[in-house]
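Participant: Please read through the structure below; I'll follow up with questions.
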DNA sequence: GGGTATAAGATACTATAAGTTTCTTATTTG
DNA sequence: CAAATAAGAAACTTATAGTATCTTATACCC
């Protein structure tokens, strides 16, 4: 055996399918964390995954698709983590904290980069679809209603969407993780007051 | 004279300073409208302005700075158009319509592109600083109070910021101009109800 | 008004990255 | 075991950023 195995583990095997894909996603995350979306290159991802560009391009049409797929392989959807603490306010806080955590992992620059490269599909349709956040908030409210905590008619969609909308706005605009304080403000000064208005109307 | 003046007006003069800058901004806008931020190149802007890349790079460090400057040369700041219709609701609608018009001129892809290339300076600090939108809404509210239309204590900053925040969110996420219907919903279902709560507290 | 400093504009160059093509060969599948 | 599939290497084309060099028109100063 004359192949130089000095430092790196020069692979003898040739990966395929799921295994290869997992290595690609892993490499993509690492590149994303080290250099950020802008400076992530297909070349570097390929190198880090010990593969080559054509392998990437056979699966993904470009950087945007690659990164989006990598994110979707790791970040849970809203449905996968609907909080259920037994109290409406705590649930609302938890919804926003979950979202904050997930968006923070991705980072605002990557989000903007995806919007540039893929258009609104990336955020609206795929990562944080508003429909799903409606659904999540609606579930929380329904449970609160079942507990007798609140009693309300149909809330406007705008209001159901508000927690997620304001969270997205914070992340996209501030380039900073959203503070717990900010989350509390949004819940206590905006969302809960609006919900209470609709309770009052019912009574 | 052997220079070919067949079709184009080959300039004999050499522009400088403000005049040249105006031509550069004009060319930047046209490129922006025709090809969008992504595919706008320094080369093409230079060509359209009948100048050359070094001239651009002497003034602007790159695409982001160039486009930001071009935008700032044309888009009014919030203070320059504080509405004053004599009615609070109409003023609020007008604030949002102004913002919609301005952001629509720029286009969401350009906004995201600027965020990628310049970081949060571009939107937060320079184009639509939240401080200024607070100020605008506060002015509107103060006038309404002076007219005796409402009477309120100090509103939380979050609420003052809400019209602009929700507008930015719509534009950044939807890739579509925001409909008048959506603007009305935001004012009637979110902003005005929250303001009324704080009126009630005062009474 | 004539001489000097400044900066416009042309051209050419380097470097980086996207995306493609071609080819060899390991691995899967039937 | 044979044939089909796809991995991985390498080289190539093209687009664009950003820089360097040079000539000369224009502005400014004495």
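Participant: Just one of (1) within 13 Å of chain A (Cβ to nearest Cβ); (2) surrounded by fewer than 22 Cβ atoms within 10 Å (Cβ to Cβ); (3) touching a residue at least 60 places away in the same chain (Cβ under 8 Å); (4) not in a loop (DSSP other than H, G, I, E, B) trips up residue B:100, so point out which.
Facilitator: Result: residue B:100 fails condition (1) only.
Participant: Out of the residues in segment A:37-57 meeting the condition of being in a loop (DSSP other than H, G, I, E, B) and more than 9 Å from DNA strand D (Cβ to nearest atom), tell me which one is farthest from the other protein chains (Cβ to nearest Cβ).
Facilitator: So in segment A:37-57, the residues in a loop (DSSP other than H, G, I, E, B) come out as A:40-41, A:49-52.
Remaining after also requiring more than 9 Å from DNA strand D (Cβ to nearest atom): A:40-41.
Numbers: A:40: 12, A:41: 15 Å.
It comes out as A:41.
Participant: Which one of these is more than 10 Å from chain B (Cβ to nearest Cβ), in a helix (DSSP H, G or I) and free of Cβ contacts under 8 Å to residues at least 40 places away in the same chain: A:154, A:142?
Facilitator: A:142
Participant: Kindly check whether there is at least one residue in segment A:180-187 that is touching a helix residue (DSSP H, G or I) at 6+ places or on another chain (Cβ under 6 Å) and more than 9 Å from every other protein chain (Cβ to nearest Cβ).
Facilitator: Scanning segment A:180-187 turns up at least one residue that is touching a helix residue (DSSP H, G or I) at 6+ places or on another chain (Cβ under 6 Å) and more than 9 Å from every other protein chain (Cβ to nearest Cβ).
Participant: Restricting to segment B:28-62, what's the tally of residues that are within 8 Å of DNA strand C (Cβ to nearest atom) and in contact (Cβ under 8 Å) with a residue 24 or more places away in the chain?
Facilitator: Total satisfying the criteria: 5.
Every number in this text was worked out from the coordinates using simple rules, so none of it is lab data. Note that the coordinates shown come from a computational prediction; the quantities given were computed from them, not determined experimentally. A quick note on method: Cβ atoms are made from the backbone with ideal geometry, for glycine too, and the neighbour counts reach across all protein chains shown.
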